[in-house]
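As structure tokens, the structure follows; a few thoughts come after it.
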Amino acid sequence: MKETYIKQQLVLILFIIFSNSSPAQNFLQDSLSFITHQHTPIDILSGSGDDSIVCYKSTHRDIYLLITGLIIIIALIAIKLLLLNKKTNKILQNQNVIIAEKNKDITDSINYAKRLQNAILPSKEMLSRILPEHFVLYHPKDIVSGDFYWASQQENKILLAAVDCT
């Protein structure tokens, strides 16, 4: 009984303070409706009843549920993307290892080709013997050149060749 009296006095004070404005009157009506119907928080959150306060609270509850649902969905999508990213990184690391092995094999083959090419090229001593005044400008772009030179002496004839393999 005393609690109801305090609520009524509070409503009266609010009415006096806000009596001249339309929003104040709406607030006062909502407050009176809330006090007279004696809604519990469970009633408000469950959306039971048909007055404006319950509808207002029900709308807020729906918005909160929607926002919570969206946050959960976004979190699940983020987790899924992180797991997919982790899996993709693992695949890329494995492919990088394979590429590094292949690169080493190719480089080893090219270095072996360089050794073969150097074995075919005439030595400086041989060139100096058959052509005392000569020079050779031979600079491969990378490890192995597509060009090479060859020299030989057959009896009193000198055979020279500049070959382009590309």
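No lab work stands behind these numbers, since they all come straight from the coordinates. No experiment lies behind these values; they were computed from the predicted model shown. For neighbour counting, all protein chains shown are included, and Cβ atoms are generated from backbone atoms with ideal geometry for every residue, glycine included.
Between ASN103 and SER128, the distance separating the two model label sites (each 7 Å from Cα on the Cα→Cβ line) works out to 4.1 nm. Once the C-beta distance of HIS139 and GLN117 is scaled by a Förster radius of 22 Å, the resulting FRET efficiency is 0.95 to the nearest 0.05. In this structure, the residue pairs whose Cα-Cα separation is over 22 Å, taken from LYS104/LYS124; LYS104/LYS141; LYS114/LYS157, are LYS104/LYS124; LYS114/LYS157. Put a dot 7 Å past the Cα of ASN89, heading toward its Cβ, do the same for ALA161, and the two dots end up 5.6 nm apart. The simple spin-label model puts a point 7 Å past each Cα toward its Cβ; for ILE73 and HIS60 those points are separated by 2.4 nm.
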